[in-house]
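Peer 1: Got a structure here, written out as structure tokens. Questions coming.
The values are calculated or read from the model by the stated rules, or taken from the named source; none is laboratory data. Nothing here was measured: the structure is a model prediction, and the numbers come from that model. Ideal geometry is used to build each Cβ from the backbone, glycine not excepted, and the neighbour counts take in all protein chains shown.
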Amino acid sequence: MAKEDRDYILVDQTRPTGFKLWLYFLSVHICTLIGRIFLFWRTFGTENIPRSGPLLVVSNHPSYLDPPTLVATVIYYADRDLSTMAWDKLFKIPFVAFFTRHYKSYPVNRENPGRGPFLTLLHILKNGGAASVFPEGSRSHQRLMGPWKPGALRAAFSTEATILPVTVLTAPEFWPRKNWRPRLFRPHHVLIHKPIPYAEYAGDTSDGAKKRASEEALAERLRCIINGPLLEREQEWKAYHEEMARRRDPLRQETRDAISPRFPHA
């Protein structure tokens, strides 16, 4: 194994001790409080988070806040750590590096990721840890999940991990992709779906073709689960705007119906 790969899989899965442990939990509670006050953060389905065993969290990725939101959610509600992939340059910034390391993030070189991040993911799941992946590879360009990177679920099959689908529901409203910062006092809602144990998605992995077919079937199933609430939200948002436009229209249908007998050509 190359030295670079060895470096990537050495992620400390133990929690800090002493003052660092106090700061570890204090930061989570502060972030949670700030999110509730300024972003109206609410998380639904927290009872669905498995408290033990290998866990792969699969989520859409509409904003920069998604990784810390998932990490804080799993720690706050399930009292377990969640490893996320982070830009390798963050580990070179002293203050930021403290949090990325102690919250079990692992580095990835965006220009040349190599096999390191995948090996890290395998290492975490094989040791019964929890990790998150954003199968799109970067932030979403639209409300619904876009195309997935190949092999996004390979680690789950290799480690027989439980998969937890998560929908970041309202991020396009409080942090549109074109904005450089989030809008305050807008709802930030996260929906945690029921977990999918390995027995439910294993399929036939006797050869390469069947294994790929099983991965594609699972990917499609997860996309439907994650996109379902997004589609409902989009329809509700569209209906809301249509209703607002109707109310602002001085000649809306009720008015036209009232004046049409007197003004046939109105």
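Peer 1: Among the candidates GLY151, GLY137, single out the residue that is farther than 23 Å from LEU191 by Cα, part of a loop (DSSP other than H, G, I, E, B) and in contact (Cβ under 8 Å) with a residue 12 or more places away in the chain. Let's see the steps before the verdict.
Peer 2: Numbers: GLY137 fails: farther than 23 Å from LEU191 by Cα.
After ruling out the rest, the residue left standing is GLY151.
Peer 1: Considering only the range 43-96, state which residues are among the aromatic types (Phe, Trp, Tyr) and modelled with pLDDT of 90 or more. Give the derivation first.
Peer 2: First, pick out the residues of the range 43-96 that are among the aromatic types (Phe, Trp, Tyr): 44, 64, 76-77, 87, 91, 95.
PHE44, TYR76, TYR77, listed by residue number.
Peer 1: Next up: With respect to the numbered conditions (1) surrounded by fewer than 11 Cβ atoms within 10 Å (Cβ to Cβ); (2) closer than 20 Å to LEU164 by Cβ, which one is the sole condition not fulfilled by SER206?
Peer 2: The one condition SER206 does not meet is (2).
Peer 1: So, in the range 11-29, exactly how many residues are assigned to a loop (DSSP other than H, G, I, E, B) and either hydroxyl-bearing (Ser, Thr, Tyr) or at pLDDT 95 or above (or both)?
Peer 2: Of the residues in the range 11-29, the ones assigned to a loop (DSSP other than H, G, I, E, B) are 11-18.
From what's left, either hydroxyl-bearing (Ser, Thr, Tyr) or at pLDDT 95 or above (or both): 14, 17.
Summing the residues that are assigned to a loop (DSSP other than H, G, I, E, B) and either hydroxyl-bearing (Ser, Thr, Tyr) or at pLDDT 95 or above (or both) in the range 11-29 gives 2.
Peer 1: Name the residue, out of GLY128, GLY137, that is under 19 Å from LEU70 (Cβ atoms), touching a Lys or Arg at 6+ places or on another chain (Cβ under 6 Å) and either β-branched (Val, Ile, Thr) or surrounded by fewer than 18 Cβ atoms within 10 Å (Cβ to Cβ) (or both).
Peer 2: On the way: GLY128 fails: touching a Lys or Arg at 6+ places or on another chain (Cβ under 6 Å).
Residue meeting the stated conditions: GLY137.
Peer 1: Tell me the residue from LEU218, LEU169 that is within 25 Å of HIS123 (Cβ to Cβ), hydrophobic (A, V, I, L, M, F, W, C), surrounded by 15 or more Cβ atoms within 10 Å (Cβ to Cβ) and in contact with a helix residue (DSSP H, G or I) (Cβ under 7 Å, 6 or more places away or on another chain), please. Please lay out each step first, then the result.
Peer 2: Values: LEU169 fails: within 25 Å of HIS123 (Cβ to Cβ).
Matching residue, one of LEU218, LEU169: LEU218.
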